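Report on one structure; see the data block that follows.
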Amino acid sequence: MSALDVGAALPRRKIEILPALTPLIVALVAAPFVGSASTFLTLTAAGIAMGMMIFTMASGLTLVFGMMDVLNFGHGAFIALGAYVATLVLLPLAGWSASDSVALNLAAFALAILAAAVVCGALGWLFERLIVKPVYGQHLRQILATIGGAIIAEQLIYALWGPDQIPLALPAAFRGSFVFGDTAIEKYRVLATVVGLAVFAGETLILNRTKIGLLIRAGVENREMVEALGYRIDRLFVGVFMAGSALAGLGGAMMALYRGQAHATIGAEFLVLCFIVIIIGGLGSVGGSFVASILVALIANYAGFLAPKLALVSNIVAMVVVLLWRPRGLYPVTGR
Amino acid sequence: MSAGLALEGVHTHIGRYHILQGVDLDAPGGLTTMLLGRNGAGKTTTLRTIMGLWRASKGRIALGDRALHSLAASDVARLGVGYAPETMAVFSDLTVKENLILGARQGPMDDRRLAWIFGFFPALRKFWLSRAGSLSGGQKQMLSIARAIVEPRELLLIDEPTKGLAPAIVGALIDCLKEIKATGVTILLVEQNFRVAAEVGDEVRVMDNGRVVHRGSMRDLAADQRLQMRLLGLSLDSHQ
């Protein structure tokens, strides 16, 4: 028997279930108030899809914040940039998007979100080297520098694309809804959910099944010790920052397609939500961000339907309640 | 036999504090050198400076003929320096297995070496897939040391491994340190427990106020109560 197998029958690490069930609990509590089953299903499906898009944007931020201890207020710039890069791909491919071929529709969509991720990842490298690296370990300066970087990026977007919103048409295959009885679920929401789940699965796989993932998780907890074991944490930082920026771009592209338009303010609009999500989830926890994204989106949807005025503050209320229950978030990462 | 360690005139500043004030220290290759001294003497700072976690503002640090003082911690580790800090610094969110995987930087863990480690730390085998954060203090210390030795090292820096541990666990740790020592690795060990130091150490260096104020054999220091009283304010008898 290999020495690595010696613990096969021994106790495995326990995962707390209750925090993961919070979206389900919220849904069960909201269901009787919503009343109609079809409305409830539509609201829930929309909430899950929105949660997946928020998660895609926020998961990079939680790693950057958790591991690098960097308050990156420039994250929103990559969300906006991803939206604009998607327009650069989709507008010339309008023929593919309007085609009756599902394959061409999918290809146009895939190219758009991949381009958004790749461009944002590459610019993330530049942002980290020029703006973030000089202010490691200095939170106040990080806030100032990254906000400054975000303002420059936003103004560059205005200079390159102009101040107007750019309409972004969904590929034909993703327009309309799937109808089940009285329940209508938009096709794009299903696609957004699939992409979000794929991102989550990919991140979970990398973080738990690869040595790079182990290093990232260890780095979130104790960067110094990772270095003392012989790993070059600065290179890992750059990689994580690039991945975080790429995910922001991917999420921005998805969100722009959902809204049918790209605008430079989309980044600032979702940045606050991303911070709320990573705080609720537990800084540095990808799984926590996943649960928190769905939780926040579901609460916003149910609140928007039941008490529209409450929807304006539902995210903050959710954060306060969760932090009163678990002060370090749903799935706190030790050491943060 | 592993290479010896040498520090010449090493100064370390932390913020505005001048902690190490010209440390001259040698740890002969293949031997266990105890680094003793009162709290605040600069022992932990010395280990961290050797490891590259704090940069020496002046002086020279060498492992054999390789200079360490200008290297980052990751490069120091890559030269074969293992470090078990006073805080243990196990990755609490990772399992015992994952902690050791990270300790084996050069590749997959060697099964025979792992079996050797399990020989003196059976608890690590028992809690192989448990979160390190759920281990007791003694088990975390075992994991910290195991992580430092999961690959063969040239030099081991171990900071107060017995601090706060129950006597039974201290005994197990002493056995472990003797086993590690038998492999011929150079060890620089900070220890407050004089009985442990006397049992494990070959050489001893005593620090005070950021300098090494005594060097000699551990056996001689253990046998000389007046010297113990003068250097450390204690005698071995009071620790038995």
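Here are a few things to note about the model shown:
- Residue pairs meeting the criteria (Cβ under 6 Å; at least 6 apart or on separate chains; first under 9 Å from A:ALA117 (Cβ atoms), in the range A:237-250; second hydroxyl-bearing (Ser, Thr, Tyr)): A:LEU247/A:THR56; A:LEU247/A:SER59; A:LEU250/A:THR56
- Filtering the range B:128-137 to residues that are open to solvent by less than 50 Å² (accessible area, probe 1.4 Å) and within 12 Å of chain A (Cβ to nearest Cβ) leaves B:TRP128, B:LEU129, B:SER130, B:ALA132, B:GLY133, B:LEU135.
- All helices (runs of 4 or more DSSP H) inside the range A:74-129 with 2 or more residues being touching a residue at least 60 places away in the same chain (Cβ under 8 Å), touching a helix residue (DSSP H, G or I) at 6+ places or on another chain (Cβ under 6 Å) and under 23 Å from A:MET242 (Cβ atoms): A:75-90, A:102-127
- Being facing chain A (nearest Cβ under 7 Å), touching a residue at least 12 places away in the same chain (Cβ under 8 Å) and open to solvent by 60 Å² or more (accessible area, probe 1.4 Å) is a property that does not hold for B:ARG125.
- Restricting the range B:90-103 to residues that are assigned to a loop (DSSP other than H, G, I, E, B) and open to solvent by 10 Å² or more (accessible area, probe 1.4 Å), the residue that is farthest from the other protein chains (Cβ to nearest Cβ): B:VAL90
- A single member of A:ALA9, A:ALA46, A:ALA3 is surrounded by 14 or more Cβ atoms within 10 Å (Cβ to Cβ), of a type outside the set (Asp, Glu) and modelled with pLDDT under 90, and it is A:ALA3.
- Residues in the range A:217-253 that are aliphatic (A, V, I, L, M), closer than 22 Å to A:PHE275 by Cβ and modelled with pLDDT under 90: A:VAL220 alone.
- Some residue of the range A:251-271 being open to solvent by less than 10 Å² (accessible area, probe 1.4 Å) and among the hydroxyl-bearing types (Ser, Thr, Tyr): no
- Helices (runs of 4 or more DSSP H) completely within the range A:161-245 that count 2 or more residues being away from every other protein chain (no Cβ under 14 Å) and crowded, with 17+ Cβ neighbours inside 10 Å: A:187-209
- Looking across the range A:307-320, just one residue is of a type in the set (Val, Ile, Thr) and either in contact (Cβ under 8 Å) with a residue 40 or more places away in the chain or open to solvent by 90 Å² or more (accessible area, probe 1.4 Å) (or both), and that is A:ILE316.
- Matching residues, the range B:58-76, being among the aliphatic types (A, V, I, L, M), within 13 Å of chain A (Cβ to nearest Cβ) and either touching a Ser or Thr at 6+ places or on another chain (Cβ under 8 Å) or open to solvent by 40 Å² or more (accessible area, probe 1.4 Å) (or both): B:LEU71
- From B:ALA6, B:ALA41, residue being in contact (Cβ under 8 Å) with a residue 60 or more places away in the chain and away from chain A (no Cβ under 14 Å): B:ALA41
- Selected residue [part of a helix (DSSP H, G or I) and under 24 Å from B:GLY210 (Cα atoms)] from B:THR87, B:THR33, B:THR45, B:THR12: B:THR45
- Members of the range B:38-57 that are buried (at least 19 other Cβ atoms within 10 Å of the Cβ) and farther than 21 Å from A:TYR231 by Cβ: B:ALA41, B:GLY42, B:LYS43, B:THR44, B:THR45, B:THR46, B:ALA56
- Residue check, A:LEU61 surrounded by 21 or more Cβ atoms within 10 Å (Cβ to Cβ) and either in a helix (DSSP H, G or I) or within 15 Å of the chain's Cα centre (by Cα) (or both): yes
- Scope the range B:104-117; condition open to solvent by less than 50 Å² (accessible area, probe 1.4 Å) and at the interface with chain A (Cβ under 7 Å from one of its Cβ atoms); matching residues: B:MET109, B:LEU114
- Looking only at the range B:154-180, and only at residues there that are touching a helix residue (DSSP H, G or I) at 6+ places or on another chain (Cβ under 7 Å) and not aliphatic (A, V, I, L, M), the one that is farthest from B:GLY201 (Cα to Cα): B:GLY164
- Taken as a whole, the condition of being open to solvent by 10 Å² or more (accessible area, probe 1.4 Å), within 14 Å of B:GLY82 (Cα to Cα) and in contact (Cβ under 8 Å) with a residue 12 or more places away in the chain does not apply to B:LYS140.
- Residue count for the range A:233-263, restricted to those that are among the basic types (Lys, Arg) and farther than 22 Å from A:PRO171 by Cα: 1
The values are calculated or read from the model by the stated rules, or taken from the named source; none is laboratory data. Keep in mind the model is a prediction, meaning the values are calculated, not measured. Note: ideal-geometry Cβ built from the backbone for every residue, glycine included; neighbour counts use all protein chains shown. Areas reflect the complete protein model, heavy atoms only, side chains present, ligands, DNA and RNA absent. Shrake-Rupley method; radii C 1.70, N 1.55, O 1.52, S 1.80 Å.
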